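Chemist: This structure is in C-alpha cells; I'll ask about it shortly.
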Amino acid sequence: MFFEPEFWVAVAFVILMVVFGYLGVFKTAMTALDHRAARIKAELDDAQRLKQEAAKVLADYKARTASAEREAAEIIANARSEAERIATEAKAKMEDFVARRTKTAESKIALAEAQALADVRAAAAEAAVQAASTILSQSVKGQVADDLLAKGISEVRQKLN
C-alpha cells in the first residue's frame, strides 16, 4: 500500500487541503466566488432593468406612431373637408358672379332698348315735324302760317317726347 502511487497522491491531496484550510484559502475562494456571484446577479438585474426600459421605450414609440398616424388621418380628413368647402364656396361665388353679370348685361340691354326706342321716337317726331312744316309751309303763307307752324311744332315735340 505504501508503494502505490495512488496512496501518495491521496496523502499529498489531504496534506494540501489541510494547508489550504490553515492558510484560509477556502475562505478566500468562497469570498471570490460570492463576489463573482453578486456581480453576475447585479449584471442580470441590470440587464432585466434595461430590458424593461427598452420595452417601455418600444411601447412609447408604438403609442407615438399610432398617435401620429391618427393625427395624419385627421389632418387628411380635415384637408379634404376644407377642400370640399372651398370648392363649394367657389362654385357658389361663380354662380353668383354669373348671375350678377347676366343681370348687368340684361339691364344694359334694356337700357339700350329704351335708348333706341327714345331715339326712334325722336327721329319719328323730327320726321313728322319736318313733314308737317313742309306741308304747312306749302299750303299756308304769311304771318299766320309762321304762328301756326311754330305752335304746331312745339305741340308735336311736347306730345312725342
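Just so you know, all these numbers are worked out from the coordinates, no wet-lab data involved. Since this is a predicted model, take the numbers as computed values, not measurements. For neighbour counting, all protein chains shown are included, and Cβ atoms are generated from backbone atoms with ideal geometry for every residue, glycine included.
Chemist: Treating the Cα atoms of the range 1-100 as identical point scatterers in vacuum, please give the log10 of the normalised Debye intensity I(q)/I(0) at q = 0.10, 0.15, 0.25 Å⁻¹, two decimals.
Modeler: Calculated log10 I(q)/I(0) at the listed q: -0.70, -0.89, -1.15.
Chemist: How much length is gained if the chain between Ala47 and Gln158 is pulled fully straight, taking 0.36 nm per residue apart and subtracting their Cα-Cα distance, in nm to one decimal?
Modeler: 28.5 nm
Chemist: Between Glu82 and Ile109, what is the label-point separation in nm under the 7 Å Cα-to-beta-carbon projection?
Modeler: Reported label-point gap for Ile109 and Glu82 is 4.2 nm.
Chemist: Sticking with this one: Just add up the charged neighbours of Ala42: K/R +1, D/E -1, any other residue whose Cβ is under 11 Å from the Cβ of Ala42.
Modeler: Numbers: positive: Arg36, Arg39, Lys41, Arg49; negative: Glu43, Asp45, Asp46.
Neighbour charge sum, excluding Ala42 itself: +1.
Chemist: Tell me, Arg36, Arg157 in order of fewest to most beta-carbon neighbours within 10 Å? Don't skip to the answer; put the middle values down first.
Modeler: Details: Arg36 10, Arg157 14.
So the residues, fewest neighbours to most, are Arg36, Arg157.
Chemist: Now for a different question. Take every Cα pair under 8 Å in the chain that's 6+ residues apart, average their separations, divide by the length, and report that relative contact order as a whole percent.
Modeler: Details: 20 pairs, mean separation 23.2, N = 161.
Relative contact order for the chain comes out at 14 percent.
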